[in-house]
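Enquirer: This is the structure, below, for whatever I ask next.
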Amino acid sequence: MKDFGLLLLRVGLGLTMIFGHGYPKLMNIINGNMEFADPIGIGQTPTLILATIAEFIFPILIIIGFKTRLSTIPPALTMAAAFFIFHANDPFGGNKELALVFLIGFISIGLIGPGRYSIDRA
């Protein structure tokens, strides 16, 4: 039952991250819209590209359970930046709360591991 729960957590968080955050950013890149926040001071374009990789590519790896523990690091760091830097002055709720939920979820998957239903365990 625990392994099924971990599968559900990986797939649920991964798909939500992809379609709620990563895919829209990928479409912005494809359409040439490189405007994006720069909360850590590396420039809008690099920040958008890194956030897109963290929110689109790595969740795919998490969903299938490939290098799962390592794959949780980029989305967790992105959500930490969203929560602690970009949304730091926002009231709790909405985007700030969602960033924290994602952060906790990805850290949890990273600590617990992917479970039996994953490529890592195949």
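Enquirer: Name every residue in segment 54-69 that is touching a residue at least 40 places away in the same chain (Cβ under 8 Å) and farther than 20 Å from M27 by Cβ, in order of residue number.
Expert: I62, I64, G65, F66, K67, T68, R69 - these are the residues of segment 54-69 that are touching a residue at least 40 places away in the same chain (Cβ under 8 Å) and farther than 20 Å from M27 by Cβ.
Enquirer: Tell me, yes or no, whether segment 39-53 has at least one residue that is touching a residue at least 12 places away in the same chain (Cβ under 8 Å), surrounded by 15 or more Cβ atoms within 10 Å (Cβ to Cβ) and within 30 Å of M1 (Cβ to Cβ).
Expert: Within segment 39-53, not a single residue is touching a residue at least 12 places away in the same chain (Cβ under 8 Å), surrounded by 15 or more Cβ atoms within 10 Å (Cβ to Cβ) and within 30 Å of M1 (Cβ to Cβ).
Enquirer: So for segment 92-108 (the condition being at positive phi and not in a loop (DSSP other than H, G, I, E, B)), does at least one residue qualify?
Expert: Checked against the condition, which is being at positive phi and not in a loop (DSSP other than H, G, I, E, B), segment 92-108 yields at least one hit.
Enquirer: In the set L50, L13, L70, which member is within 12 Å of the chain's Cα centre (by Cα), over 18 Å from L100 (Cα atoms) and either polar (S, T, N, Q) or at pLDDT 95 or above (or both)?
Expert: Within the list L50, L13, L70, the selection yields L50.
Enquirer: Let me ask something else. If I ask for residues that are touching a residue at least 40 places away in the same chain (Cβ under 8 Å) and buried (at least 17 other Cβ atoms within 10 Å of the Cβ), which ones from segment 87-112 would you list?
Expert: Selection gives F102, G105, F106, I109, G110.
Enquirer: When you scan segment 9-64, how many residues do you find that are more than 17 Å from A81 (Cβ to Cβ) and among the hydroxyl-bearing types (S, T, Y)?
Expert: Count: 2.
Enquirer: Mind telling me which of the residues N95, N31 ends up being of a type in the set (S, T, N, Q) and more than 17 Å from the chain's Cα centre (by Cα)?
Expert: The match here is N31.
Enquirer: Still on this structure: Against the definition (of a type in the set (D, E) and either outside any helix (DSSP H, G or I) or touching a strand residue (DSSP E or B) at 6+ places or on another chain (Cβ under 8 Å) (or both)), how does E55 come out, yes or no?
Expert: no
Enquirer: Is it the case that P75 is closer than 21 Å to L100 by Cβ, of a type outside the set (G, A, S) and out of contact with any strand residue (DSSP E or B) (no Cβ under 7 Å at 6 or more places or on another chain)?
Expert: Yes.
The values are calculated or read from the model by the stated rules, or taken from the named source; none is laboratory data. Quick caveat: nothing in here was measured; it's all calculated off a predicted structure. Quick reminder, even Gly has a Cβ in these numbers, built from the backbone with ideal geometry, and neighbours come from all protein chains shown.
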